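Participant: Sending over a structure as structure tokens; questions will come in a sec.
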Amino acid sequence: MSFAQIVIGPPGSGKSTYCNGTSQFFNAIGRHGQIVNMDPANDRLPYPCAVDIRDFITIEEIMAEQQLGPNGGLMYAMESLDKSIDLFILQIKSLVEEEKAYLVFDCPGQVELFTHHSSLFKIFKRLEKELDMRFCVVNLIDCYYLTSPSQYISILLLALRSMLMMDLPHINVFSKIDMIKSYGELPFKLDYYTEVQDLEYLIPYVEKESNNAMGKRYAKLTETISELVSDFNLVAFEVLAVDDKESMINLQLSVDKANGYIFGASEVGGDTVWAEATRDQGLRENDIQDRWIDNKDLYDKAERERQEAIEKDRQMQEKEIDVDNEDEWDRALKDWEEKQGTDYVR
């Protein structure tokens with residue numbers, strides 16, 4: 001049994017940044033993580049990847065040979081990988097069986113691939129079946145969409161459709177949450193948006209966005225979509241600031257619970273300390289409104305001071321080690337001098 005994350009989301013939501021941050025986070029906690037690039041158009045990866053789909057097929061080749069645009073080329077690439085997937089599976093098998101790696105799949109940003117096109121879904125279902133993999137989908141969405149009520153509703157529909165299409169454990173995440181305060185004041189508290197509460201209260205703000213006749217028609221459509229999302233009662237969100245340690249820890253704990261990694265599989269990734277600690281006790285959770293909007297500056301200052309204290313302590317420990325090494329060197333010289341019967345000038 002092996003475990004993995006499937007990172008999806010619209011363009012600009014921070015997928016590659018998240019994958020890079022996750023890789024560094026795994027190194028810090030001792031988990032053997034590897035990244036798999038699933039985007040044939042991404043030729044500038046900010047991280048080292050163990051498997052790159054561009055080794056099999058590139059968007060440039062497809063567009064030239066098949067006379068397709070970027071979106072059509074991506075769909076064709078996934079269809080081609082789905083039909084000729086054996087070598088890809090062998091490489092993934094080597095990672096999960098020989099290296100015991102925890103995988104993070106960095107997927108393309110075209111929403112069609114995880115809302116209604118089936119090739120990406122088929123690829124992961126085959127990996128799940130043949131390699132006994134346990135997945136969790138991490139759907140990243142830029143928190144900027146919270147600033148517009150109509151865009152927020154559309155994001156809810158996108159998230160719902162992705163959850164139904166992928167048919168896997170799924171965590172929706174508002175990324176770049178450390179930027180939300182700079183976007184202006186929201187009509188409701190942050191947990192209203194993350195918990196998707198009582199969407200009917202948002203409708204007047206949708207109507208206020210546009211006062212013309214077309215705007216009123218869109219408001220009615222938005223109201224209908226809100227009712228649909230509420231009826232399913234599936235969508236909720238976590239929040240993430242990749243550079244914030246506690247934010248990353250809380251999200252990874254949620255992912256580990258969703259794909260089952262935390263329930264007795266610490267030996268797979270080599271991070272026994274992390275798994276044991278999170279199995280025995282939960283992590284401290286701050287009120288997200290307080291952390292990221294009301295008192296963000298105070299929290300950021302406290303975090304900086306904590307990091308400075310950690311760095312200062314690390315430097316002190318290094319100095320103590322240097323002094324100990326110096327003392328050991330002097331003792332060794334003294335022993336040598338006594339054996340030689342001469343004074344040795346250092």
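The values are calculated or read from the model by the stated rules, or taken from the named source; none is laboratory data. As the structure is a prediction and not an experimental result, all values here were calculated from the model. Here the Cβ is made from the backbone with ideal geometry for all residues, glycine too, and neighbour counts use every protein chain on show.
Participant: Examine the range 180-191 for a residue that is assigned by TED's automatic domain parsing to the domain that holds residue 82, assigned to a helix (DSSP H, G or I) and of a type in the set (A, V, I, L, M), and state whether such a residue exists. Even if it seems obvious, please write down each step before you answer.
Facilitator: Looking only at the range 180-191, we keep the residues that are assigned by TED's automatic domain parsing to the domain that holds residue 82, and these are 180-191.
Next cut, assigned to a helix (DSSP H, G or I) only: 180-183, 190-191.
Now restrict to residues that are of a type in the set (A, V, I, L, M): 180, 190.
So far as the range 180-191 goes, yes, one or more of its residues are assigned by TED's automatic domain parsing to the domain that holds residue 82, assigned to a helix (DSSP H, G or I) and of a type in the set (A, V, I, L, M).
Participant: Being more than 30 Å from residue 33 (Cα to Cα) and assigned to a helix (DSSP H, G or I) is the filter here, so list the residues in the range 132-154 that pass it.
Facilitator: Hits for the range 132-154 are 145, 146, 147, 149, 150, 151, 152, 153, 154.
Residue by residue, here is whether (1) of a type in the set (Ser, Thr, Tyr); (2) closer than 24 Å to residue 139 by Cα; (3) assigned to a helix (DSSP H, G or I) holds:
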site: 197; (1), (2), (3): no, yes, no
site: 201; (1), (2), (3): yes, no, yes
site: 204; (1), (2), (3): no, no, yes
site: 208; (1), (2), (3): no, no, yes
site: 218; (1), (2), (3): yes, no, yes
site: 222; (1), (2), (3): yes, yes, yes
site: 225; (1), (2), (3): no, yes, yes
site: 228; (1), (2), (3): no, yes, yes
site: 231; (1), (2), (3): no, yes, yes
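Participant: Now for a separate question. Can you spot a residue in the range 144-164 that is among the polar types (S, T, N, Q), in contact (Cβ under 8 Å) with a residue 60 or more places away in the chain, in contact with an Asp or Glu (Cβ under 9 Å, 6 or more places away or on another chain) and farther than 25 Å from residue 245 by Cα?
Facilitator: The answer is yes; a qualifying residue exists.
Participant: If I ask for residues that are of a type in the set (A, V, I, L, M, F, W, C) and either in contact with a Phe, Trp or Tyr (Cβ under 9 Å, 6 or more places away or on another chain) or outside the structural domain of residue 122 (by TED's automatic domain parsing) (or both), which ones from the range 35-56 would you list? Break it down into steps so the answer makes sense when it comes.
Facilitator: Quick first cut of the range 35-56, residues of a type in the set (A, V, I, L, M, F, W, C) only: 35-36, 38, 41, 45, 49-51, 53, 56.
Those that are of a type in the set (A, V, I, L, M, F, W, C) and either in contact with a Phe, Trp or Tyr (Cβ under 9 Å, 6 or more places away or on another chain) or outside the structural domain of residue 122 (by TED's automatic domain parsing) (or both): 35, 36, 38, 51, 53, 56.
Participant: Please go through (1) free of Cβ contacts under 8 Å to residues at least 60 places away in the same chain; (2) touching a strand residue (DSSP E or B) at 6+ places or on another chain (Cβ under 9 Å); (3) surrounded by 16 or more Cβ atoms within 10 Å (Cβ to Cβ) for residue 124 and return the number of the only condition it doesn't satisfy.
Facilitator: All conditions are met except number (1).
Participant: For residues that are over 25 Å from residue 13 (Cβ atoms) and either exposed (fewer than 15 other Cβ atoms within 10 Å of the Cβ) or of a type in the set (D, E, K, R) (or both), tally how many sit in the range 70-90.
Facilitator: 6
Here's the yes/no breakdown for (1) outside any strand (DSSP E or B); (2) modelled with pLDDT under 90; (3) under 23 Å from residue 80 (Cβ atoms); (4) within 9 Å of the chain's Cα centre (by Cα):
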{"position": "7", "(1), (2), (3), (4)": "no, no, yes, yes"}
{"position": "11", "(1), (2), (3), (4)": "yes, no, yes, no"}
{"position": "17", "(1), (2), (3), (4)": "yes, no, no, yes"}
{"position": "21", "(1), (2), (3), (4)": "yes, no, no, yes"}
{"position": "28", "(1), (2), (3), (4)": "yes, yes, no, no"}
{"position": "35", "(1), (2), (3), (4)": "no, no, yes, no"}
{"position": "39", "(1), (2), (3), (4)": "yes, no, yes, no"}
{"position": "43", "(1), (2), (3), (4)": "yes, yes, yes, no"}
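Participant: List pairs: first in the range 95-120 and in contact (Cβ under 8 Å) with a residue 40 or more places away in the chain and within 15 Å of residue 10 (Cα to Cα), second hydroxyl-bearing (Ser, Thr, Tyr) and assigned to a loop (DSSP other than H, G, I, E, B), Cβ under 9 Å, 6+ apart or cross-chain?
Facilitator: 106/47; 109/13
Participant: Please work out if residue 148 is buried (at least 21 other Cβ atoms within 10 Å of the Cβ), at pLDDT 90 or above and of a type in the set (Ser, Thr, Tyr).
Facilitator: no
Participant: Still on this structure, please answer the following. What is the residue count in the range 61-86 for residues that are touching a residue at least 12 places away in the same chain (Cβ under 8 Å) and part of a helix (DSSP H, G or I)?
Facilitator: The qualifying residues number 13.
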